[in-house]
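The values are calculated or read from the model by the stated rules, or taken from the named source; none is laboratory data. Just so we're clear, the structure is a prediction, and the values are computed from it rather than from any experiment. Cβ placement follows ideal geometry from the backbone for every residue including glycine, while neighbour counts extend to all protein chains displayed.
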There are 2 protein chains.
Amino acid sequence: MSDWLDQIKWTDDGLVPAIAQETGTGKVMMFAWMNRDSLAETAATGYAVYWSRSRKKLWRKGEASGHQQLIKSINLDCDADVILLEIEQQGGIACHTGRKSCFYRRLEDGEWLTTEPVLKDPAEIYAGSQE
Amino acid sequence: MSDWLDQIKWTDDGLVPAIAQETGTGKVMMFAWMNRDSLAETAATGYAVYWSRSRKKLWRKGEASGHQQLIKSINLDCDADVILLEIEQQGGIACHTGRKSCFYRRLEDGEWLTTEPVLKDPAEIYAGSQE
């Protein structure tokens, strides 16, 4: 039952890029990386698990913030080297800055303008923990 | 006027991942990489230009297929290391397989099932050229 994992073209580091998109709205929430274990656990548990390249460990999204991502579908691209997750975002916040989406800056006249409000203070989101 | 390019955290290879999302529908169409030149040209011309890692050259999306991507907005994530393009897809086909989106496979019961039809035969799309 792990043939589907073997069909993915992992990078030399054993990773695959993953895009998380909110179901319903279609909003692109975040981008992260997965390794084989994280994708297997994502499929098995129904909640998004990434691979933290900086901490070199599984990153169970929401374990500190409570902002878990419930998996609605797992999709693969034509080259079998990018994953697209359709998710339901718990708490409505995916970004560690307290914004809904990580993509909150837009290029306007040669400058990156912030286009989304902070919905919750990160100090409050991560009180007593580190995600 | 290139300060906005300096604010991007490029990989050691000088690249940044880019996600192309269709305006209106919110459909995620494809994922590719950009270098500084390709992103600068994308912003300047208003059409998506990627960096082909396999061919090691600028990849002006649609130059062979006619399926150019008209830029509606260029967005940046919280870590300044991922680009999200909002695009209008010329010809309604982003994928080299002739499908609308590259993400046409969905995991169902441990198998990748094809969920989107081929809209146009690739042989016809790329007749006489190579993208």
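A few remarks follow.
- Test: residue in segment A:110-125 that is among the β-branched types (V, I, T), over 21 Å from B:G26 (Cβ atoms) and modelled with pLDDT under 95: yes
- Filter result (among the small types (G, A, S) and out of contact with any strand residue (DSSP E or B) (no Cβ under 7 Å at 6 or more places or on another chain)) within segment B:81-95: B:G91, B:G92
- Scanning segment B:47-65 finds no residues that are closer than 30 Å to A:G98 by Cβ and either in contact with a Lys or Arg (Cβ under 7 Å, 6 or more places away or on another chain) or β-branched (V, I, T) (or both).
- Annotation note: Cβ proximity below 7 Å between a residue of segment A:53-76 that is among the basic types (K, R) and a residue that is in a loop (DSSP other than H, G, I, E, B) (sequence gap 6+ or interchain) occurs for A:K61/A:A48; A:K61/A:Q68; A:K72/A:T23.
- Given (1) over 21 Å from B:D109 (Cα atoms); (2) in contact with a helix residue (DSSP H, G or I) (Cβ under 9 Å, 6 or more places away or on another chain), number of the condition A:Y47 does not satisfy: (1)
- Test for A:R99: is it over 22 Å from B:T25 (Cβ atoms), out of contact with any strand residue (DSSP E or B) (no Cβ under 7 Å at 6 or more places or on another chain) and at pLDDT 95 or above: yes
- Number of residues in segment A:98-127 that are free of Cβ contacts under 8 Å to residues at least 24 places away in the same chain, surrounded by 14 or more Cβ atoms within 10 Å (Cβ to Cβ), part of a loop (DSSP other than H, G, I, E, B) and aliphatic (A, V, I, L, M): the value is 1.
- Qualifying positions in segment A:60-80 - touching a strand residue (DSSP E or B) at 6+ places or on another chain (Cβ under 6 Å) and modelled with pLDDT under 95: none
- Against the conditions (1) more than 8 Å from every other protein chain (Cβ to nearest Cβ); (2) more than 20 Å from A:A43 (Cα to Cα), A:L107 satisfies every one except (1).
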